[in-house]
1. Scan region 21-64 residue by residue and report those that are at positive phi and either aliphatic (A, V, I, L, M) or touching a residue at least 12 places away in the same chain (Cβ under 8 Å) (or both).
2. Take the residues of region 12-34 that are part of a helix (DSSP H, G or I) and of a type in the set (Val, Ile, Thr): which is farthest from THR48 (Cα to Cα)?
3. State all residues of region 16-42 that are of a type in the set (Ser, Thr, Tyr) and either more than 22 Å from the chain's Cα centre (by Cα) or in the same structural domain as ASP158 (by TED's automatic domain parsing) (or both); if no residue qualifies, say none.
4. Among the listed residues VAL123, VAL137, VAL109, VAL150, which satisfies the condition of being touching an Asp or Glu at 6+ places or on another chain (Cβ under 6 Å) and modelled with pLDDT of 85 or more?
5. Condition check: over 30 Å from ALA27 (Cβ atoms) and buried (at least 21 other Cβ atoms within 10 Å of the Cβ). Does TYR173 satisfy that?
Amino acid sequence: MELKKLEVPTTSITEVKKSPMDVFSQAREAGTAVYVFNREKVAGVMLTQAQYETLLQELHELRERPVEVATDEVEFTTVTGLEDFSQTLRKTLITGASISAKNLDERMVALGFITKKTGFGGVVEMINELKESGKIVYQLRRKPEGKNVVAEVIGEPDNQTQLFDKLIIKKIYLREI
């Protein structure tokens, strides 16, 4: 098994005990939480008060948003037998809204797509895919009529937030390949 290097700040319980304020400074400077390890396992995550309050505000805003999406923002090729699925996808992903890569992945997996997260901190790879190609491509786990179906989530990183894993969904294409 290949170990992946985390692209987020990390520290140890020992360092937290020595100087917790240094860990908060590290979170502030990086603009993200700091993962705290205890004997090579994640024990928790530390973030500043401002980062925590931003997360709470974003959660509140997500709960307040309507779930309807204009039908012209999601484009579909004809995928026989997936008409109901298309409607569900339209209601689940809101174009123009900011969403965390983790939340996007959880919603896509709930819809039956194969996860894009790999290993610990897998959202970093999702954001890298988005930056490189302008999209994140998901494959549907089931194969209707033996055909592979993919969803291309077209978007861009959300630079209006301090969180590194936020993106804005522009369009979604559902394709048969």
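1. GLY31
2. Restricting attention to region 12-34, the residues satisfying the condition of being part of a helix (DSSP H, G or I) are 13-18, 20-30.
Within this subset, residues satisfying the condition of being of a type in the set (Val, Ile, Thr) are 13-14, 16, 23.
Working: ILE13: 17, THR14: 19, VAL16: 14, VAL23: 9 Å.
By that ranking, first place goes to THR14.
3. The initial filter retains those residues of region 16-42 that are of a type in the set (Ser, Thr, Tyr), namely 19, 25, 32, 35.
Correct list: SER19, SER25.
4. Sole residue among the options that is touching an Asp or Glu at 6+ places or on another chain (Cβ under 6 Å) and modelled with pLDDT of 85 or more: VAL137.
5. The answer is no for TYR173.
The values are calculated or read from the model by the stated rules, or taken from the named source; none is laboratory data. It should be emphasised that the depicted structure is a prediction, and the values quoted were computed from it without experimental measurement. Cβ: placed from backbone, ideal geometry, glycine included. Neighbour counts: every protein chain shown.
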